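Read the structure below first, then the notes.
The values are calculated or read from the model by the stated rules, or taken from the named source; none is laboratory data. This one's a predicted model, so the numbers in the text were calculated from it and none came from an experiment. No Cβ is skipped: glycine too gets one built from the backbone with ideal geometry, and neighbour counts run over all protein chains shown.
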Amino acid sequence: MGKFLLLILVFITVEAETLKTVITVDKDVFEDARRFLNGRDALTVTDFSTNHARRDVVDFILIQQAVALGGIKLQVRYEPGNYDARNLRSISSGMLLIGLDTFWRSELSSLQQQLYISQPLIRRGEYLAGLYTSPHNTRALAVTELQQLKKLTAVSSKNWHADWYTWQQIGPASLLDEHSWPSQAKLVSKQWVDVMLSPFLPRLPFTISSDEYQLVAVPGVKIMLDDSRHVAVSRLHPDGERVFNALQAGLTLLREQGVIDRAYTQAGFFHPAVRDWKILNPKPDVPLAVVVD
């Protein structure tokens, strides 16, 4: 299947129109994608089981591959920076053509006049996150039930709609708003806050570390974020409609070939090791915003 996808990509990108565009990318995603690619063209990637693969990097690669499969090769000049929430405003205003990270459906629902919203890359119910804490936080590591989690402190960002909504439904002892993911990790690593959410990674044990923080997943439990993730394309950009049509056609092919599921599985986001882990938070009684697949 990997060789088959590569042949399709090579064939289509030779025949496809090349479209030059500037796309801003959040700095940490850009750096991980750069390290993951290690000089390769994103369109040639068929294996996501190597170092630096994570959900955001899979998004970054698959979105470009989908547009290429639909007949348009994006020749991108990347501008890395702290663009997380700003990108959506730039896409909806027509300043940016497309995002190379997915967005929650609930974030996009109020912007349907300004945005084309793709079919989901991650479907509703598929987004399962780990509960991460300091390796020295014995109280957090012992959590097996929702009531225990409610007694802990947590950190997230109001800019991350589904994450923030999920924590509000859980109701921890306190919930700190911190927009920077590395800052969240430092707070938890230093045990100033007990827990945070983060996707699972390819290799066991589930640890996230740098020179500034060390985190481990609470074993045996996971959290469901009740939403789906989609690509946003600007309706106000002159190339928006045809890029969106190419994207949709390419995503359909990638879904039919099993490439999307395989990529997220190889990157550890859909991790077989946590298949039987307990989902701590019950499905909310009220749907998340206007979540529609």
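Applying the condition of being among the β-branched types (V, I, T) and touching a residue at least 40 places away in the same chain (Cβ under 8 Å) to the stretch 129-175 and asking which residue is nearest to Q191 (Cα to Cα) yields T133. The criterion of being at pLDDT 85 or above and closer than 21 Å to P199 by Cβ holds for D59. The single condition among (1) surrounded by 14 or more Cβ atoms within 10 Å (Cβ to Cβ); (2) of a type outside the set (A, V, I, L, M, F, W, C); (3) under 26 Å from P272 (Cα atoms) that E145 does not meet is (1).
Counting only strands (runs of 3 or more DSSP E) that fall entirely inside the stretch 45-141 and contain at least 2 residues that are surrounded by fewer than 18 Cβ atoms within 10 Å (Cβ to Cβ), the qualifying elements are 72-81.
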